[in-house]
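Participant: Could you have a look at this structure, given as structure tokens, before my questions?
Only the coordinates and a few stated rules stand behind these numbers; no lab work does. Predicted model, so just to flag it, every value in this text is computed and none were measured. Here the Cβ positions follow ideal geometry from the backbone for every residue, glycine too, while neighbour counts run over all protein chains shown.
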Amino acid sequence: MTTDNVIEISGLRKSFGAHEVLKGIDLVIPKGKTVVLLGASGSGKSTLLRCVNFLETPTAGTVAFNGKPVGTPKGTGGERSYSDRELRALRAHIGIVFQQFNLFPHMTALENIMEGQRAVLGRSREEAAARAEALLARVGLAGRGGAYPSHLSGGQQQRVAICRALAMDPDVMLFDEATSALDPELVGEVLRTMKALREDGMTMLIVTHELGFAYHIADEVVFLSEGRIYEQAPPHEVMLHPKGERTRQFMLGHSEFRLPHLD
Amino acid sequence: MHYQWDFSVIGDNAGLLLWGLGNTLLLTLIAILIGTPLGLAVALMRLSSRRWLVWPATVYVEVFRAAPALVQLYWLYFALPRLTGLRLGGFEAAAIALSILSSAFLSEVFRGGIASIGKGQWDAARGIGLSYPRMLRTIILPQAIRRMLPVFLERYIELLKTSTIAATVSFGDLLFVAQDISYRTYRTLEIFSAIAVMFFLVILLCSQLTRLVEHRLARSGEFTAR
């Protein structure tokens, strides 16, 4: 079966002990589209994003990648079992960028970007280095490949982390509050990089607190509340004319929401 | 005090003392070379999510950490032949006992080092699809070992000192050679003063090396995990 949806999530549940964080999520991410997850802290945004590449294992429900459900059914409650091999292959096709960058501190920027290419894609050292250099140039860091993460600013580190994910030629990119740990003056450079990716046709799932940015970049905004999708629509509907009371309250609570200039 | 110090005995037996020192260093080196990878393997077993790997490793560590080194050595040297008919030489018995002992201690150092690496590093490594052995080898262990380097060197120095138990099973290490010379010459004070200085110098060298490495690691910000 072919599909234009890179990711299809259905009936997804996730519990940590007795606490159910996600209570049945259905969501598709169409190819080339950008979906932004909004919601108060604790609403389950990051957990949902981490379930897409199985850094968190869903308690129940399915995630399908390019039309193919991941894992095999187990038991009767919608549980599935996942093989390590299958998840590794999946993660190689899904890029993820973290709030804290999580660059490997003992490797240079270039080595950070080469590691996955070498170990997972089996690229030669020359090939991986060439790709890493090209990606660094694309995010405005040409010639900084030899720098260790501790010698780069937060914004530069995050752009290297984006390169590390892109080097795997992913079908979809996940951004988990990618600018939340940055000083305000460094946020713009990372947002611009993400915007450029969208213009190149990358499929993206983004968790962010930058509402102005969300408004500009999203094809679809998903508002999560208490582990469920509360409202979902294009950004001008959800963000300017919210239907639900909780969405309205959330937008009011972010009264500093304004449309930034990204160019 | 009418003791007449006579250090000529040291010069007369210099070759023998150096031979003993060589044996001590060799024994320690072998225990390090076997005990370190074995300690890593035990640490990985204890960190595993599979319980059938965790509990034998836990028992191993607890047993061999609790038993005094000399007891382990005597068991291997005197008790094992009675049980199995397998007779080990002094060197073999000491090398095995010290390897096992150091692996039990070092596994805890490895375990602490690996556990100290933040979740973000594991997430990032899994996020690009690395296999578990690969992420250990290129991401986790290089950082863990750098962080634990001073502790490793301290353990190795401790092992060097503990290796003197080999003298009790007639292995010709520095202590054994010293005893041998002092029985022949009655120059116990001179001999044991000399080997105390030899140990002191070797260990001073090691600890200076440790300090140098620590200093260099502290200066280079590269390895500061965040």
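Participant: Based on DSSP loop calls and a cut-off of at most 16 other Cβ atoms within 10 Å, the longest stretch of chain A free of exposed trypsin sites (Lys or Arg not before Pro) is what?
Facilitator: The segment A:75-242 is the longest one with no such site.
Participant: What residues qualify as long-range amide H neighbours of A:Lys31, i.e. H under 5 Å apart, gap of 5 or more or another chain, H built at 1.01 Å from N?
Facilitator: A:Asn5, A:Val6
Participant: Evaluate the distance, in nm, between pseudo-label points positioned 7 Å from the Cα of B:Val197 and of B:Glu158 along their respective Cα→Cβ axes.
Facilitator: 3.0
Participant: Let me ask something else. Using helices alone, I'd like the mean residue ellipticity at 222 nm for the protein assembly as shown: each DSSP H run of four-plus residues gives -39500 (n - 2.57), total over residue count, nearest 500.
Facilitator: Rounded to the nearest 500, the figure is -17000 deg cm²/dmol.
Participant: What shape does chain B take by its C-alpha gyration tensor, where a ≥ b ≥ c are the square roots of the eigenvalues and a/c under 1.5 counts as rounded, a/b above b/c as prolate, and the rest as oblate?
Facilitator: Cα axes put chain B in the oblate bin.
Participant: Still on this structure: How high is the FRET efficiency between B:Leu53 and A:Ala196 when r is their beta carbon distance and R₀ equals 41 Å, given to the nearest 0.05?
Facilitator: It comes to 0.30.
Participant: Let me ask something else. Quote to one decimal, in nm, the extra length available between A:Glu20 and A:Glu226 on full extension: 0.36 nm per residue of separation minus the C-alpha distance between them.
Facilitator: Roughly 73.2 nm would be gained on extension.
Participant: Under the rule of at least 5 residues apart or a separate chain, name every residue whose amide H is placed under 5 Å from the amide H of A:Ile96.
Facilitator: A:Leu174
Participant: Can you work out ³J(HN,Hα) from phi for every residue in the range A:68-77, in order, using Karplus 6.51 cos²θ - 1.76 cosθ + 1.60 and θ = phi - 60°, giving whole Hz and x for Gly and Pro?
Facilitator: 10, x, 7, x, 10, x, 8, x, 10, x
Participant: Write down Rg/Rh for the range A:77-153, rounded to two decimals, with Rg from the C-alpha atoms and Rh from the Kirkwood relation over Cα pairs.
Facilitator: Computed over Cα atoms, the ratio is 1.07.
Participant: Could you state the number of Å between the C-alpha centres of the range A:164-193 and the range A:64-102?
Facilitator: The range A:64-102 and the range A:164-193 have Cα centres spaced 21 Å from each other.
Participant: While we're looking at this one, here's another question. Sort B:Arg147, B:Arg82 so that the residue with the fewest other Cβ atoms within 10 Å of its own Cβ comes first and the one with the most comes last.
Facilitator: B:Arg82, B:Arg147
Participant: Related question: Which is the longest stretch in chain B that no exposed loop site breaks, taking sites as chymotrypsin sites (Phe, Trp or Tyr not before Pro) with a DSSP loop state and at most 13 other Cβ atoms within 10 Å?
Facilitator: B:8-185
Participant: May I pose another question? Build a GNM of chain A with springs between Cα atoms under 10 Å: which of A:Asn102, A:Asn66, A:Asn112 gets the top mean-square fluctuation?
Facilitator: A:Asn102
Participant: Using the Karplus equation 6.51 cos²θ - 1.76 cosθ + 1.60 (θ = phi - 60°), what ³J(HN,Hα) coupling, rounded to whole Hz, does each residue of the range A:230-241 give in order, writing x for Gly and Pro?
Facilitator: Each residue's phi maps through the Karplus curve to give 8, 7, 8, 5, x, x, 5, 6, 5, 8, 9, 10 Hz.
Participant: Now for a different question. To make sure I understand, if each residue's beta carbon is the centre and we count other beta carbons within 10 Å, what order do B:Ile34, B:Ile191 fall in, fewest to most?
Facilitator: Going from least to most buried by this count: B:Ile34, B:Ile191.
Participant: Rg and Dmax of the protein assembly as shown, Cα atoms, in Å?
Facilitator: When restricted to the Cα atoms of the protein assembly as shown, Rg and Dmax are 30.4, 103 Å.
Participant: Going through the cross-link list A:Lys74/A:Lys243; B:Lys119/B:Lys161; A:Lys45/A:Lys243; A:Lys23/A:Lys68; A:Lys14/A:Lys68; A:Lys23/B:Lys119, which pairs have a Cα-Cα distance over 29 Å in this structure?
Facilitator: Too far apart for the 29 Å limit: A:Lys74/A:Lys243; B:Lys119/B:Lys161.
Participant: Moving on to the next point. Taking the number of other C-beta atoms within 10 Å as the exposure measure, put A:Thr62, B:Thr162 in order starting with the fewest.
Facilitator: With the sparsest Cβ surroundings first, the list reads A:Thr62, B:Thr162.
Participant: Return the sequence-ordered ³J(HN,Hα) values of the range A:102-107 in whole Hz as given by the Karplus equation 6.51 cos²θ - 1.76 cosθ + 1.60 applied to θ = phi - 60°, using x for Gly and Pro.
Facilitator: Couplings: 6, 5, 7, x, 8, 10 Hz.
Participant: Is the range A:5-253 best put as rounded, prolate or oblate by its Cα gyration tensor, with a ≥ b ≥ c the root eigenvalues, rounded for a/c under 1.5, and otherwise prolate when a/b is larger than b/c, oblate when not?
Facilitator: Note, shape of the range A:5-253 comes out oblate.
Participant: Right, here's the next one. Determine the shape class of the range A:145-212: with a ≥ b ≥ c the square roots of the Cα gyration tensor eigenvalues, call it rounded for a/c under 1.5, and otherwise prolate if a/b is greater than b/c, oblate otherwise.
Facilitator: Oblate shape, in that a/c is at least 1.5 and b/c is the bigger or equal ratio.
Participant: Only helices at least 20 Å long along their axis, Cα-based, and averaging -1.0 or more on Kyte-Doolittle count here, so list those DSSP H runs from chain B.
Facilitator: Helix filter hits for chain B: B:14-47, B:51-66, B:90-115, B:141-162, B:188-219.
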